[in-house]
Amino acid sequence: MKNRKHGLRKNHSQEKLRFYFKRKQGQLTLVLIALLILISIIPVRLAVALHLAPIPQAIFVLGSDSERMEFAGRFWQCHKNLDIWVSDYASYLEINRRIFQRFNIPERQLHLDGRATDTVTNFTSLVEDFVAQKFNHIYLITSDYHMSRAKAIASIVLGSRGIIVSPLVVPSRGFEFESRVHILRDCVRSVIWIATGRTGASFNPQIKSNKFI
């Protein structure tokens with residue numbers, strides 16, 4: 001009799017466990033479907049963004065390299081109607097400001113943000129600011145070896161908000177172009193950000209070594 005009751009309890013527990021995993025599997029499937037639909041819409045949103053704003057409305061510079069700031073300063077001389085947005089470490093912002101001052105860029109046209117910890121968060125930390133400014137199209141400035149990854153992240157993070165980028169490459173020396181694995185990793189992180197609002201920055205080994213690119 002005891003064995004029978006024990007068997008019934010065991011079967012009941014197994015049924016509850018199967019039901020739990022089946023429900024979780026169903027929820028995960030719905031999330032994945034919704035995510036795939038959202039990602040598939042991004043190319044459409046980018047096409048619409050280009051139609052709405054064929055000419056870029058701002059200059060966006062990725063930090064950690066003074067040559068990028070100088071490039072942006074020179075480029076601004078021919079595009080003085082555009083504001084400059086910079087995403088960098090907070091400790092670098094004053095250095096960046098001094099570089100732009102050499103190019104006589106008005107303070108009101110500078111937007112220096114120090115929230116980012118890596119390239120993915122360069123975009124996620126400012127995307128809502130760009131949306132608030134009603135940007136559909138921006139110039140993206142970074143180094144040549146870094147541009148492929150930056151464009152891939154931008155197409156997902158900014159693309160999900162209907163913002164397209166026009167890349168402006170800063171020539172560099174002595175840097176290897178980033179690997180496809182590196183690019184794929186940050187594309188996955190960008191998709192995770194769309195789904196959860198989290199970037200997974202704490203898993204980036206370069207943050208621990210204080211290397212920001």
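General observations
- Where labels lie 7 Å past Cα in the beta-carbon direction, separation of Lys134 and Leu50 in nm: 2.3
- For Arg97 and Gln77, the difference between the fully extended length at 0.36 nm per residue and the C-alpha to C-alpha distance is 5.6 nm.
- The order of the peptides 86-99, 104-117, 146-159 by mean Cβ neighbours within 10 Å, most packed first, is 146-159, 86-99, 104-117.
- Just so you know, the Cα atoms of segment 51-154 work out to an Rg and Dmax of 12.7, 38 Å.
- C-alpha center-to-center spacing [segment 108-174, segment 61-80] in angstrom: 13
- Descending principal axes extents, segment 145-190, alpha-carbon based, whole Å: 35, 23, 9
- For segment 103-142: rounded, prolate or oblate by the Cα gyration tensor [a/c cutoff 1.5]: oblate
Any read-out appearing in this document is the output of simple, stated calculations on the displayed coordinates, not a laboratory observation. Treat the numbers as computed from the prediction; the structure is a model and nothing was measured. When we count neighbours, we look across all protein chains shown, and the Cβ atoms used for this are built from the backbone with ideal geometry, even at glycine.
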